[in-house]
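A quick write-up on the structure given underneath.
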Amino acid sequence: MVASGLTQACFDPRFSDKIPHVTEARAAAARGEDTASNAARDLRGLSLDELEETVVAAGERAYRARQIAHWLYRRNVDSIDAMHDLPAALRTFLNHRFTLPPPLVATVRRSSDGTRKLLVRLADGQAIETVVIPAGNRITLCLSSQVGCAMRCAFCATARMGLHRNLSTGEIVSQIVAARGELGADEILTNYVFMGMGEPLANYPRLSQALKLMTAPWGMGISPRRITVSTVGLPPTMARLLAETSVNLAVSLHATTEELRDRLAPINERYPLGQLLEACSRLPLRRRSRVTFEYVMLAGVNDSPADAVRLVKLLAPVRAKVNLICFNPFAGSGFHASSRSALEAFQAILHRGNLTATIRESRGRDIAAACGQLYAEPHPETLSQ
Ligand code: SAH
């Protein structure tokens, strides 16, 4: 399978000695292998077909699977016993074979701009961050796909963690359940972006199952048009994602020359800019849809008028729009955000080149919840819990 090959490639063994206490099991989990096949599975993560197989194995009628899916993906229950319209024998059967770990929100930090950062504690003690971002009449949820990341982008705080492991499907969708639990009565999530920790396409099998659960009518019923998967640029899996789903794709570009992209996003050594853009021009896009190219504006590094002119040329063969991202600084990054005037001059050149280009203002910066600031480490307030 393409994706598992990629997952393996993305788990860079050179990282394992930099991550303290990387065990064989953790390394295997990072490669996406199931290390505990006898362990109870997470029930939240099963598709309708798998739920049907399960209820039939329990000697029940297939329609029970839809009831379970409703409890899991619409009602967000966190115990099998709460599914009170199921026969007691079926609940016992499920309790013996599955777990339903509640998403534990260890802390919630609130930004002055309304952004909320949830530190979600996983069953094995690791933590990920999930961010709720209200803006106008939208509330966007920024989801993580891995604990840490192996992509080593030079300007990203998560990269400093290295890759600890892939999230399971259940852990990916549990972030939505956790976020819903933190919303006010009048708040509804409207958009979902995979721009939190990790490289979603390096965890493709679990991402793809999560997208299925999120979008299926028997699942969460979210329109795929409201979901965006952001990637550092893994062409074979990008094509697969667009062939298999109708979600939106965002590609993190950040540079207009091979040399600079090698430095900013080392995956460029494996999938060079030229190859990436060629692949983007051949993607099976929906009618009228475009690929969003993300471009973090770094002062004196990639923000000159010459960069903007090159970007216009590079993107000419692609159905593209550009999202200029204000760099969110973190200690020791060695980069600085571009000035407002550099940002606007850059945007103006893209507009003159007929490229739609928006500026993504930073959100939640005061609580380190902004793009590239996600770095889960023990937060002092969680230590006593
Ligand atoms: N791995 C995926 C998704 C996670 S990062 C990807 O690379 O797209 C989501 C976005 O945040 C990416 O465009 C990434 O380049 C950007 N980003 C990372 N660090 C940042 C920082 N410090 N400031 C602003 N944006 C950053």
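Please treat every number below as a calculation from the coordinates, not as lab data. Worth saying up front: this structure is predicted, and the values here are computed from it rather than measured. Glycine gets a Cβ as well: all are built from the backbone with ideal geometry, and neighbour counts include every protein chain shown.
Each residue of segment 184-196 was assigned a 3J(HN,Hα) from its phi angle through the Karplus expression (A = 6.51, B = -1.76, C = 1.60, θ = phi - 60°), giving x, 4, 9, 9, 10, 5, 10, 9, 10, 10, 8, 10, x Hz with x at Gly and Pro. Neighbour counting of Cβ atoms within 10 Å sorts the residues Cys142, Cys153, Cys280, fewest neighbours leading, into Cys153, Cys280, Cys142. Dipole size of segment 104-384 about its Cα centre, with +1 on Lys/Arg Cβ and -1 on Asp/Glu Cβ: approximately 820 debye, rounded to the nearest 20.
Across segment 228-242, coupling constants 3J(HN,Hα) worked out from phi with the 6.51/-1.76/1.60 Karplus curve, θ = phi - 60°, read 10, 9, 9, 10, 6, x, 10, x, x, 7, 4, 5, 5, 4, 6 Hz, and Gly and Pro carry x. Using a cutoff of 8 angstrom between alpha carbon atoms and counting only pairs six or more residues apart, the relative contact order for segment 104-384 works out to 19 percent.
Three principal axis extents of segment 32-166 based on alpha-carbon atoms, in descending order, are 54, 39, 23 Å.
At q = 0.10, 0.11, 0.14, 0.15 Å⁻¹ the log10 of I(q)/I(0) for segment 104-384 amounts to -0.49, -0.60, -1.02, -1.18, computed by Debye summation with a single uniform scatterer per C-alpha, solvent ignored.
Dipole check for segment 231-322: with +1 at the C-beta of Lys and Arg, -1 at the C-beta of Asp and Glu, and the Cα centre as origin, the magnitude is about 580 Debye. Pairs of alpha-carbon atoms within less than 8 angstrom and 6+ residues apart define the contacts here; what relative contact order does segment 96-209 have, in percent? Averaging sequence separation for qualifying contacts and normalising by length gives 26 percent for segment 96-209. Ranked by the mean number of other Cβ atoms within 10 Å of their residues, highest first, the peptides 170-181, 87-98, 224-235 come out as 170-181, 224-235, 87-98. The tail of the calculated P(r) for segment 182-319 beyond 24 Å holds 35 percent of all Cα-Cα pairs. For segment 261-266, putting each phi into the Karplus relation 6.51 cos²θ - 1.76 cosθ + 1.60 with θ = phi - 60° gives couplings of 5, 4, 6, 7, 9, x Hz, in residue order, rounded to whole numbers and with x for Gly and Pro. Asp42's amide H: which non-local residues (gap 5+, or another chain) put their own amide H closer than 5 Å, with H modeled 1.01 Å from N in plane and none for Pro or chain starts? Hits under the 5 Å cutoff: Thr99.
Taking the inverse of the mean reciprocal distance over all distinct Cα pairs, the Kirkwood hydrodynamic radius of segment 293-359 comes to 12.1 Å.
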